[in-house]
Amino acid sequence: MKKQITKKINEIKESKPTGDLVKDKDKKAASQEYSASQITVLDGLEPVRRRPAMYIGSVGPDGLHHLIWEVVDNSIDEAIGGFCNKIIIELLPDNLIRVTDNGRGIPVDMHKQVGKSALEVVLTKLHAGGKFSHDAYKVSGGLHGVGVSVVNALSIYLKAEVRRDGGLWMQEYKKGQPVSKAKQVGKSSERGTTITFQADPEIFPKIEYNWNTILNHLRQQAYLTKGVRIIVVDSRKASDITKHQFYFEGGIIAYVQHLNRTNKIRNQNIFYVNKESEGIIVETAFQYIDDFIETAYSFANNIYTPEGGTHILGFRTALTRILNTYGRAHNLLKEKDDNLTGEDTREGLTAVVSIKIRDPQFEGQTKAKLGNTEARPVVETVVGEALTTFLEEHPRDAEDMIAKCVLAARARQAAKSARDAVLRKSALEGFTLPGKLADCSSREAEKCELFIVEGDSAGGSCKMGRDRQFQAILPLRGKVLNVERARLDKILANQELKSLIIALGTNIGEQFDITKLRYHKIIIMSDADVDGMHIRTLLLTFFYRYMPQLIENNYLYIAQPPLYRINYNREIKYFYSDEEKDNFLESVPSHKKSVAATKKIAKGFVVQKIGETTQPEQEEKKEVEAGVNIQRYKGLGEMNPEELFTTTMDYNKRTLKQVAIDDISLADEVFDILMGKEVEPRKKFIQTHAKTVQNLDI
C-alpha cells in the first residue's frame, strides 16, 4: 500500500501542471503582458463619449433630456445672479434644440493659460468655467463645471452664438471638436448666449424628446427662480407650433399653491421664509392639507435632490422641534400626550425647501442628494426662527397645524398596534403565508415572480398554467382599498392588502425592508376592462404611496394579456391591441374591403364577445367557413391555463410593461386628482382628457 502511494506521488510530480497550477502560470504570463503600452489615456472630451452614463446617468430618455437641463442650468445661473430675466427653449426639426438667454454672454476673449478663446475652453474642457470662481458666480448648478462641455461631447453638432460687447460671435463643433475658431460674424446691441445642439445617434439609441417632461421641468425652474420668464416653443412640425410661457412672481409660494390646488387646505396662510445666513440662502415654503401623504421637494442651487440631503434634514428637525415647543407652551399638546414625532409632523405636509450654496457637494454625478454638512444647522436655525414668529402671528393656523399632527400621532399609534398584530415575525418569514397564495418552490428572490391576479377564476387558470418553480400566484377578491383616502391602520385591516403585504415579506411603513422582498418581479395581471383597469390603478396607488422602493428598483410590472384571439386558415394568432388586429385583417386577401366594419360586425366574420356569437347573414355563409373567427377577450378567466401561460406568462413570449416614475411631482398630482377625496378636480380631469382615452370599454 505504501509503495502504491509513493508511486502515485511520483506520477503527480512528473505530470504537467493542471488546474490552479495552469491558472497561476496564465496569470504570470498575463501580468508580464500588462505594461505601460496598455494604459489608455483619453484626451479632451473622449472620456465622455466612451462612458457617457458616468456624466449624464444613462443614454436613455433621462440622459437625453439631461442635455437640455445642463444648457438651461447655465442660463438659470445667470438669472440667479441677476444678469438674466428671459430664457427661450426651442425644439426644432431634425432633433435640434436651441436655448437662448439674455445673460452676460460667455466670454470670447483669449484665455492666456490655454491659448484659446474662453468660449472654446468652456465648451471643450471638462473642468473649466466661471463656476469655479466665486467672482463670476456666487452660486451655481450644473454638473460640477462639466455641463455644457458634456453636451458638446455627446452632440453630433453644436453651435454657440454669443452676443456681447456690441458683437455677435460664433463657433461650431462636431462631436465635441471645433470646426473652426471662435470668430465675430456680425454686430449686436443685445447680450446673451444661444446654444444649438443635436444629440448624437451613436450615443443615444432613441432620440425622442418628451414635450410634457420638458414643460414640467421648466415650470419647476420658473417657480424656483422668481422674476425669470421661461418660454418653451415646439417647432418640430411647421404645421403645429406650440408655445408655453412660465413666469411666477410668487416663486415657491406659488409652487406650493400649485401643488395644493386640488386639495383641502388646513392652514390658510402659507409659511414662507427667504433669508441668507452664513453665506447660504434659505428659501422655504410649506402648508398642511387634509391628507395622509407628505409631499416635499428639496433643491440646491435649483437642482432637484430627490433623495433629499442635509438641507431637508435641517428643515424637518426645525419643523418637529418648533411645533412641539409651541404646542406645549400653548397647551395644544396635553401632559399625557407624547411629543410629536417627525412622522407625525410630516403627514399631510406640502413643502418646498430650496437653498443657494457655494460649492454644493452632491452624492453621485446626477446630484440625487446634497451632502454639505454646513447646510443642516443653517437651514434648521433659519426655519426655526421664522416658524416661531409665524406661529405667534397666526395662532389659528398654528392650532390647525398642531391639531393635524396630533391626529396623525393617534393614527400612528393605532397603526403600530395593528401592524404588530398582523405582521408578526413568523408571518414575514413565511410560516403563515396567506392560504390563497400559490407560492413557487424557489427561494432565490431574484428569479421569482409574483402574479397578482384579479379573481379566483383567473387565479385558477394561472395556478394550473404557471411555472411552479419560479412563478407564484396571489388572487385578489374584488377591488382593494383606495389607500389615497385611508391611513395605515385601515390598510392593515383590509384582508386583500394584508395578504399582499405578508406575501411580499417586506413589511410596510417605517419597518419596510426591501432586502426581505421575496420576489424581484411583482406583476399586476388584471382583466382588460374598466373594472380590471380600476383594480390595477388601486394597486398602483398602494405601491406608489406605501412601497415606492419597489418602483424605484424596477421590481413592479404590468402583464399584457392579449385582447384578441383570431383563428384564420386553421392557425391561431393572438393580438395585443386593436392596431395589431386591424393590421392583420388588412392583410387577409378576402376581407380587405370589409375591415372597416369590424368594430361592429363585418361581412364574413364571426365576432365573438364574452361567449356571445353574432351570426352573419345567410348569404355570407360560405365566406364565413373560409374566413376569420375573432374572439375579443374580456377577462383572463376566459383563457384556459395553456393559453394564459403561452400568451401572458411564458418568459420567451410574453410582454411586460415596467412601471417607472418620470416626474414625481406629476405622479403625485395625478394620483391625488384621480384617487383623492375631492370630486371636482377629478371631474375636470376626466372632461379634459375624455377624447384622448384609448381602449375605452363601454
Being at negative phi and either in contact with a helix residue (DSSP H, G or I) (Cβ under 7 Å, 6 or more places away or on another chain) or open to solvent by 60 Å² or more (accessible area, probe 1.4 Å) (or both) is the filter here, so list the residues in segment 239-252 that pass it. S239, D240, I241, K243, H244, Q245, F246, Y247, F248, E249, I252
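For every residue, the table says whether it meets (1) under 27 Å from the mean Cα position of the chain (by Cα); (2) among the hydrophobic types (A, V, I, L, M, F, W, C).
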residue: G309; (1), (2): yes, no
residue: N324; (1), (2): no, no
residue: D338; (1), (2): no, no
residue: E343; (1), (2): yes, no
residue: E347; (1), (2): yes, no
residue: A368; (1), (2): yes, yes
residue: G371; (1), (2): yes, no
residue: R376; (1), (2): yes, no
residue: V379; (1), (2): no, yes
Top-ranked residue of segment 362-384 - restricted to ones that are modelled with pLDDT of 90 or more, part of a loop (DSSP other than H, G, I, E, B) and of a type in the set (S, T, N, Q), ranked as farthest from E307 (Cα to Cα): T373
Six or more apart or on different chains, Cβ atoms under 9 Å: show the pairs whose first residue is in segment 383-401 and closer than 16 Å to F315 by Cβ and whose second is charged (D, E, K, R). G384/R321; E385/K275; A386/K275; F390/D397; L391/D397; M401/R266
Identify all residues within segment 48-64 that are buried (at least 18 other Cβ atoms within 10 Å of the Cβ) and not hydrophobic (A, V, I, L, M, F, W, C); write none if there are none. R49, P52, Y55, G63
Look through segment 470-513, keep the residues that are closer than 22 Å to N263 by Cβ, in contact with a Leu (Cβ under 9 Å, 6 or more places away or on another chain) and not in a loop (DSSP other than H, G, I, E, B), and return whichever of them is most open to solvent (accessible area, probe 1.4 Å). K490
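Could you list, in sequence order, the residues of segment 278-290 that are among the charged types (D, E, K, R) and surrounded by 19 or more Cβ atoms within 10 Å (Cβ to Cβ)?
E283
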Any hit, segment 309-331, residues being open to solvent by less than 40 Å² (accessible area, probe 1.4 Å), at pLDDT below 95 and assigned to a loop (DSSP other than H, G, I, E, B): no
Total residues in segment 441-469, condition modelled with pLDDT of 85 or more, part of a loop (DSSP other than H, G, I, E, B) and open to solvent by less than 50 Å² (accessible area, probe 1.4 Å): 4
In the set G455, G459, G465, G505, the lone residue that is without any contact (Cβ under 8 Å) to a residue 60 or more places away in the chain and among the small types (G, A, S) is G459
In this structure, does V256 turn out to be in contact with a Leu (Cβ under 8 Å, 6 or more places away or on another chain) and either buried (at least 18 other Cβ atoms within 10 Å of the Cβ) or outside any strand (DSSP E or B) (or both)? no
Six or more apart or on different chains, Cβ atoms under 9 Å: show the pairs whose first residue is in segment 176-193 and within 9 Å of R163 (Cα to Cα) and whose second is part of a loop (DSSP other than H, G, I, E, B) and of a type in the set (V, I, T). T193/I106
Restrict the check to segment 231-238 and report whether at least one residue is open to solvent by less than 80 Å² (accessible area, probe 1.4 Å) and out of contact with any Phe, Trp or Tyr (no Cβ under 9 Å at 6 or more places or on another chain). yes
Breaking point among (1) touching an Asp or Glu at 6+ places or on another chain (Cβ under 9 Å); (2) within 30 Å of A53 (Cα to Cα); (3) open to solvent by 80 Å² or more (accessible area, probe 1.4 Å); (4) in a loop (DSSP other than H, G, I, E, B), for N212: (4)
Q220 meets each of (1) under 30 Å from V48 (Cβ atoms); (2) modelled with pLDDT under 95; (3) in contact with a helix residue (DSSP H, G or I) (Cβ under 9 Å, 6 or more places away or on another chain); (4) surrounded by fewer than 19 Cβ atoms within 10 Å (Cβ to Cβ) with one exception, condition (4)
Would it be correct to say that E78 is at pLDDT 85 or above, under 19 Å from A300 (Cα atoms), open to solvent by less than 40 Å² (accessible area, probe 1.4 Å) and within 24 Å of the chain's Cα centre (by Cα)? no
Can S133 be described as of a type in the set (S, T, N, Q), buried (at least 20 other Cβ atoms within 10 Å of the Cβ) and either closer than 22 Å to D73 by Cβ or at pLDDT 95 or above (or both)? no
Could you tell me whether any residue of segment 291-303 is of a type in the set (D, E) and open to solvent by 70 Å² or more (accessible area, probe 1.4 Å)? no
Within segment 677-688, take every residue that is open to solvent by 60 Å² or more (accessible area, probe 1.4 Å), in a helix (DSSP H, G or I) and of a type in the set (D, E, K, R) and give me the one that is nearest to R219 (Cα to Cα). K684
Selection count where residues are touching a residue at least 24 places away in the same chain (Cβ under 8 Å) and not charged (D, E, K, R), scope segment 676-691: 2
Working only within segment 146-201, note down all residues that are part of a loop (DSSP other than H, G, I, E, B), within 15 Å of I97 (Cα to Cα) and open to solvent by less than 10 Å² (accessible area, probe 1.4 Å). L154, D200
Which pairs do you get when a residue that is in contact (Cβ under 8 Å) with a residue 60 or more places away in the chain and among the hydroxyl-bearing types (S, T, Y), found in segment 530-559, comes within reach of a residue that is open to solvent by 20 Å² or more (accessible area, probe 1.4 Å) and part of a helix (DSSP H, G or I), reach meaning Cβ atoms under 6 angstrom, with the pair 6+ apart or on two chains? T541/F671
Looking across segment 532-563 at residues that are open to solvent by less than 10 Å² (accessible area, probe 1.4 Å) and assigned to a loop (DSSP other than H, G, I, E, B), the single one that is farthest from Q471 (Cα to Cα) is M547
For segment 564-676, which fully contained helices (runs of 4 or more DSSP H) count at least 1 residues that are modelled with pLDDT of 75 or more, farther than 30 Å from Q257 by Cβ and among the hydrophobic types (A, V, I, L, M, F, W, C)? 578-586, 641-644
Residue pairs, Cβ under 6 Å, 6 or more apart or interchain, first in segment 471-491 and farther than 19 Å from D668 by Cβ and among the polar types (S, T, N, Q), second open to solvent by 10 Å² or more (accessible area, probe 1.4 Å) and modelled with pLDDT under 90. List them. none
When only residues in segment 262-277 that are assigned to a loop (DSSP other than H, G, I, E, B) and in contact (Cβ under 8 Å) with a residue 60 or more places away in the chain count, which is surrounded by the fewest Cβ atoms within 10 Å (Cβ to Cβ)? Q268
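The values are calculated or read from the model by the stated rules, or taken from the named source; none is laboratory data. These numbers come from a predicted model, not from an experiment. All Cβ positions, even for glycine, are placed from backbone atoms using ideal geometry, and neighbour counts span all protein chains on display. Ligands, DNA and RNA are stripped out before the accessible areas are found, and what is left, the full protein with its side chains, is counted by its heavy atoms. Shrake-Rupley method; radii C 1.70, N 1.55, O 1.52, S 1.80 Å.
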